[in-house]
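A.B. asks: Here's a structure for you.
Any read-out appearing in this document is the output of simple, stated calculations on the displayed coordinates, not a laboratory observation. In this text, all values refer to a predicted model and were calculated from it rather than measured experimentally. For neighbour counting, all protein chains shown are included, and Cβ atoms are generated from backbone atoms with ideal geometry for every residue, glycine included.
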Amino acid sequence: MNFKGVDYYNIDDLFSDEEKMTKNVIREFPEKETKPLIANAFGQEKPLDMQELAPRIGELGITGALCP
């Protein structure tokens, strides 16, 4: 993973292992999934094809707020 953040308040220590895993999956998504699509669309001077990207976003369940 490319992101190297600084956790000044040790917030990561408050997360469960499952929450840390979820955070890492969500953080890796733009690098692995969206960056190549954006680069391809830019190179072809075309708009980003959300029909290719949207199903993957839906699979991760990151399309909206979670309310109990």
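A.B. asks: Go through V6, L37, L53 and say which Cα lies farthest out towards the positive end of the charge dipole of the chain; charges sit on Cβ, +1 for Lys and Arg, -1 for Asp and Glu.
C.D. replies: L37
A.B. asks: Go from 0 up to the bin containing the longest alpha carbon distance in the chain, width 5 Å each, and give me the % of pairs per bin.
C.D. replies: Answer for the chain: a P(r) of 3, 13, 18, 21, 17, 13, 8, 5, 2 percent.
A.B. asks: Kindly state, to the nearest 0.05, the FRET efficiency for M21 paired with F42, given R0 = 30 Å and r defined as their beta-carbon distance. Can you show the working numbers first?
C.D. replies: Values: r = 31 Å, r/R0 = 1.04.
Calculated transfer efficiency: 0.45.
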